[in-house]
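Written out below as structure tokens is the structure these notes cover.
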């Protein structure tokens, strides 16, 4: 199985937070067990190498759940389900989708950035296949590959060819 994306983790993490206080660190191996991830999948790192992909996505899923008011921090690194979260679990017995989150009153407002001199910009990340960091890492890798190809092409064009 592929490593689950952020939105696939939402309901299992909310269910964990409903059972009692949980940290991101403690929930990461539980999510690995829940999705039957292989040791290689559990250890796979985001392109920057800063964290495992599973832990990174667990963190983003908790961010979405917190912004939705479905979980709350009860300590600096500890979460638990709110009353709204418990009701949401009953209303969504199989999965939680982006549309489900968008239907929560105030969802878009919690993602709005502060007004700048150029106006207001809205930022609502999509819980999809990649987190914003993963998307940036992928873009950087693409740019680096393109740069290497251009550099090699320039070097080859400047190198005199020899004939035999």
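Side notes on the structure shown:
- Selected residue (only one of 78, 63 is within 19 Å of the chain's Cα centre (by Cα), within 28 Å of residue 39 (Cα to Cα) and without any contact (Cβ under 8 Å) to a residue 40 or more places away in the chain): 63
- Annotation: residue 48 fulfils all but one of (1) modelled with pLDDT under 95; (2) over 21 Å from residue 105 (Cα atoms); (3) out of contact with any helix residue (DSSP H, G or I) (no Cβ under 6 Å at 6 or more places or on another chain); the unmet one is (3).
- All of 32, 85 fail the test of being free of Cβ contacts under 8 Å to residues at least 24 places away in the same chain and either touching a helix residue (DSSP H, G or I) at 6+ places or on another chain (Cβ under 6 Å) or closer than 27 Å to residue 140 by Cβ (or both), apart from 32.
- Any hit, the range 104-123, residues being more than 21 Å from residue 35 (Cβ to Cβ), modelled with pLDDT under 70 and touching a helix residue (DSSP H, G or I) at 6+ places or on another chain (Cβ under 8 Å): yes
- Those residues of the range 1-26 which are without any contact (Cβ under 8 Å) to a residue 24 or more places away in the chain and under 17 Å from residue 76 (Cβ atoms), in sequence order: 26
- When the criteria are applied in full, residue 135 meets the requirement of being within 20 Å of the chain's Cα centre (by Cα), at pLDDT below 70 and closer than 30 Å to residue 48 by Cα.
- Listing of helices (runs of 4 or more DSSP H) fully contained in the range 1-112 that carry 3 or more residues being in contact with a strand residue (DSSP E or B) (Cβ under 7 Å, 6 or more places away or on another chain) and surrounded by 15 or more Cβ atoms within 10 Å (Cβ to Cβ): 6-19, 53-67
The values are calculated or read from the model by the stated rules, or taken from the named source; none is laboratory data. Everything numeric in this text was worked out from a predicted model, so none of it was measured. All Cβ positions, even for glycine, are placed from backbone atoms using ideal geometry, and neighbour counts span all protein chains on display.
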